[in-house]
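Q: Okay, here's the structure, questions in a sec.
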Amino acid sequence: MKMNMKVLILTGILTARAVAYDPCPTENQGVALCCRLVSGEVGVDCGFVVGEIANITLFEEACQEDNAVPRCCQDLVLGFGINCTDPVGLDN
C-alpha cells in the first residue's frame, strides 16, 4: 500500500511539471497576440503569434521580431486587439 502511494505522488509531481505555459489563461482575454505601438496606443496593428508559445521569453522574442509587444486580448478585429492586457509573466 505504501509503495503505491509513493508511485502515485511521484506521478503527480511529474505530471505537474509537464503543464504547458499559457500566457493568456483568462476566458475574456485568451487570445495571444503581438501588437505594435502606433501613435502611443498599444493594441492596434496586432497579429497572431506564429508557432507555439513555450514561455514568456519566447513570446516576447516572437513579438520583437516584428517590433511588437506580447498582449492577451479578447479578440482581434481588423488588426485591432480588443480588451487587451499583459500576458502571464511579463515584467514591465
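Q: What FRET efficiency do you get for residue 28 and residue 91 if R0 is 22 Å and r is their Cβ-Cβ distance, rounded to the nearest 0.05?
A: 0.50
Q: Also: For segment 21-92, what is the convex hull volume of the alpha-carbon atoms per residue, in Å³?
A: For segment 21-92, the hull spanned by Cα atoms encloses 79 Å³ per residue.
Throughout, read-outs are computed from the coordinates displayed, never taken from laboratory work. Source: prediction; values computed, not measured. Backbone-built Cβ (ideal geometry, glycine too); neighbour counts: all protein chains shown.
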